[in-house]
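The values are calculated or read from the model by the stated rules, or taken from the named source; none is laboratory data. Source: prediction; values computed, not measured. Note that we place each Cβ from the backbone using ideal geometry, even for glycine, and neighbour counts take in every protein chain shown. All accessible areas refer to the heavy atoms of the entire protein, side chains included, with ligands and DNA or RNA removed. Shrake-Rupley method; radii C 1.70, N 1.55, O 1.52, S 1.80 Å.
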Amino acid sequence: MVAAAELLPARPVRLGRWTEQARRILAERYLTRHDGALETPEDMCWRVARAVAAAERAWGMTDEGVAELAGRFYDLMVRGLFLPNSPTLMNAGKGSKLQYSACYVLPIGDSMEEIFDAVKAAAVVHQSGGGTGFSFSRLRPRDSLVASTGGRSSGPVSFLRVFDGATEAVKQGGTRRGANMGVLRVDHPDVLEFVECKLDGSITNFNISVAVSDAFMGALERGESYALVAPHTGETVSRLDARQVFARIARAAWQSGDPGLIFIDRINAGRANPTPALGLIEATNPCGEQPLLPNEACNLGSIDVAKLARREGDGWGIDWDELARVTREAARFLDDVIEVNPYPLPAIDRVVKQNRRIGVGVMGFADLLFRLGVPYDSEAALVIAERVMEAIQRDGHQESQRMAAQRGAFPSWASSIYGQGEPLRNATVTTIAPTGTLSILAGCSSGIEPVFALSFTHRVGDRVLPFVNPVFEQVARERGFWSGELGDDVARRGSVQGLAAVPADVQRVFVTAHEVALEWHVLHQAAFQRWTDNGVSKTINLPHEATVDDVARAYMLAWELGCLGITVFRDGSKPGVLSVGSAPAVPAPPAGASAAAEGGAASLLERPAADAPARSSRVLEPRPPSLSGTTYRVETPLGTAYVVVNEDAGGAPFEVFVSVGKAGTDTSAVAEAIGRLVSLALRVPSPVSGRARLGEIVEQLSGIGGARPLGFGSERVLSLPDGVARALARHLGSEPTRSGGDICPDCGAGALAREEGCTKCHACGFSEC
């Protein structure tokens, strides 16, 4: 029997404008094979468009109507105006019976059977590409009596570790490991153990958040204690000082990025739980922006608002009519997904279709501000944020009302918070979701985040390609200050701040995440939240020098401004934050060396310098009785390093000594070993000059990642070897190669960023959620 989608006509002729990086990610993760041939990105868009549009046959649409609608859906995706969440792109239309949603919440009851039923359900969801959220708040505290066995409970945190281990063993559809959110109420007796459970690094597949109540926030403001309640008995077992608990939360987040906060009573009192008669929200999806009932899922998708910028005279504006059209089509697309989605479990299918949640969101917001010439950290940017999201909220709800008139309201509408008003097809319509990989496919900035850097290194096959933000490059060319040298500077630094070649007004507009004060991060989250049904995915990025008080201040500001939750990440608090800069710097060539060959520069180690001496048979160049040199001081994650570079009588680097002040014996040994090996490379007879060899050493050591990077931006030091490379590069009068961030576990590039509550690689598109 031929599937209904197969009756549609051939793919439309419009082609997408995909970057090389997008094509590689698509080929590795999204495109499917037919008879040994890999589908094209356009084939993928058509596959998805056909499968989703076919849903409308259920409401009487003709084949011709479905074909026309599929063409419109295709146009949205192939132009990058709107993209659904990754599982829809990966699975729709394949006939694989793998589901199309990205986020789920699964219930965990207080019995061994219920706990391991949830483990099994999570494995099924992860296998098909979804992420899961769990509330562990119903589990009895550690050391509570278990009546059936006479033993003692091991508590929520021990079972969280069980879920973490199960996730490690299940790879999602062959593309990525499952992502999880673990939530515990602030009034659970084990809350302090939960708050600090990730500090030892043993839990790797969970974000965690504390569900804080209005009562707790009130006690915090008044400086009072609050009750801890055993969930299995409802009895108050003890009390804690709210300010001390809040301080422990802030310190743990300062150290590791976890936990975040979820303002659980605010969620249940507002639009994020439009069906309170069905139950209370207890948890969210992995990145915290999607509150869900137990066994509920949500279909998400994002509009690239940067593509809606239009020239208006000498400036730029927003095409509001086009935004309205795209929003309506996106809402319709996501509602159709609900109908054709092969949900992994019957309970999930039932709850999803009871409420029909969808979440239309945005990406490319930072690029839109660049195009409009508006700094992220400005009141004007907040006005734009509200206007854009207000329009999406208005038009999305209008489309949901129109669909309700044609298809019927969501089944629980009558008992919902909307039951006395105009019927809606969907209990929720808008969500600001993470767009880690989607933004790479669309060629835009992530979600509503400021850009992490104005330059990244993209890996395409065996090539490493520097990438400078295209809006900045266009502005620089149009205003006449672009040059190859400027491009190199931006690529090396990742920032334009302090560059004399860049006009002050341009520097003011093109700011990056760590150049934005924490208050502006939270203000943007709150601005979008005011016009969003569900939550807003946003990471409040802080510099390495931020204090525990800064973390606490961000938390309190989010509470005061009406956010539904907050995630704070201090640079260097754990691996996974992207620093600025990307392009390898070319060390200064030796005097008299020939220019690079046309068509690409050969390695200096493969090309003898013009004045190089004849090859010697000596094992090592003898050390003169005395040498002069320079000592460089550099701060590293292992302490202050002192790097001594001694030169021979001709001024060529001859030997290097490395020491770390007040270090333990292991660190001292590593430092000494680095110095000895560098010296060995310099003293081995070679036709290559000492400066050239030192330059190659810089390239080898630079960008080596460690567990505790130090600093941010152009001053970020990833490890002791990276710090030594920085000192050696200073000796050469150049900048070290900057890898861009910590090492990606998928592609090995140093391009991991913490954005939208998730870790994303800007080189290959790897995402933890």
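Side notes on the structure shown:
- Consider region 315-340 and keep the residues that are open to solvent by 20 Å² or more (accessible area, probe 1.4 Å) and either assigned to a loop (DSSP other than H, G, I, E, B) or in contact with a strand residue (DSSP E or B) (Cβ under 6 Å, 6 or more places away or on another chain) (or both). The one that is nearest to Gly93 (Cα to Cα) is Asp319.
- For Leu26, the requirement of being out of contact with any Lys or Arg (no Cβ under 7 Å at 6 or more places or on another chain), open to solvent by less than 60 Å² (accessible area, probe 1.4 Å) and among the aliphatic types (A, V, I, L, M) is met.
- Qualifying residue in region 661-680 (condition: in contact with a helix residue (DSSP H, G or I) (Cβ under 7 Å, 6 or more places away or on another chain), of a type outside the set (Val, Ile, Thr), open to solvent by 50 Å² or more (accessible area, probe 1.4 Å) and in contact (Cβ under 8 Å) with a residue 12 or more places away in the chain): no
- Taking region 126-165 as the range and being of a type in the set (A, V, I, L, M, F, W, C) and at pLDDT 90 or above as the test, the residues that pass are Phe134, Phe136, Leu139, Val157, Phe159, Leu160, Val162, Phe163.
- Pairs, first surrounded by fewer than 21 Cβ atoms within 10 Å (Cβ to Cβ) in region 392-408, second in a helix (DSSP H, G or I), C-beta under 7 Å, six or more apart: Gln406/Trp59; Arg407/Trp59
- Evaluation of Val656 against the conditions (1) outside any loop (DSSP other than H, G, I, E, B); (2) surrounded by fewer than 18 Cβ atoms within 10 Å (Cβ to Cβ) shows that the sole unmet condition is (2).
- Within region 271-283, restricting attention to residues that are outside any helix (DSSP H, G or I) and surrounded by fewer than 17 Cβ atoms within 10 Å (Cβ to Cβ), the residue that is nearest to the chain's Cα centre (by Cα) is Leu280.
- Qualifying residue in region 367-382 (condition: part of a helix (DSSP H, G or I), basic (Lys, Arg) and under 26 Å from Ser446 (Cα atoms)): yes
- Answer from Glu449, Glu422 - the residue that is among the acidic types (Asp, Glu), modelled with pLDDT of 95 or more and surrounded by fewer than 24 Cβ atoms within 10 Å (Cβ to Cβ): Glu422
- Per the listing Thr640, Thr631, the residue uniquely without any contact (Cβ under 8 Å) to a residue 60 or more places away in the chain, among the β-branched types (Val, Ile, Thr) and closer than 29 Å to Arg754 by Cβ is Thr640.
- Screening the candidates Val490, Val511, Val429, Val496 for the property of being over 30 Å from Arg271 (Cβ atoms), of a type in the set (A, V, I, L, M), open to solvent by less than 20 Å² (accessible area, probe 1.4 Å) and modelled with pLDDT of 95 or more yields one hit, Val511.
- Residue satisfying condition, being at negative phi, surrounded by fewer than 24 Cβ atoms within 10 Å (Cβ to Cβ) and within 23 Å of the chain's Cα centre (by Cα), within set Lys353, Lys307: Lys307
- Per-region count, region 385-409, residues hydrophobic (A, V, I, L, M, F, W, C) and touching a helix residue (DSSP H, G or I) at 6+ places or on another chain (Cβ under 7 Å): 6
- Here Asp505 does not fit the description of being farther than 29 Å from Ser302 by Cα, outside any loop (DSSP other than H, G, I, E, B) and modelled with pLDDT under 95.
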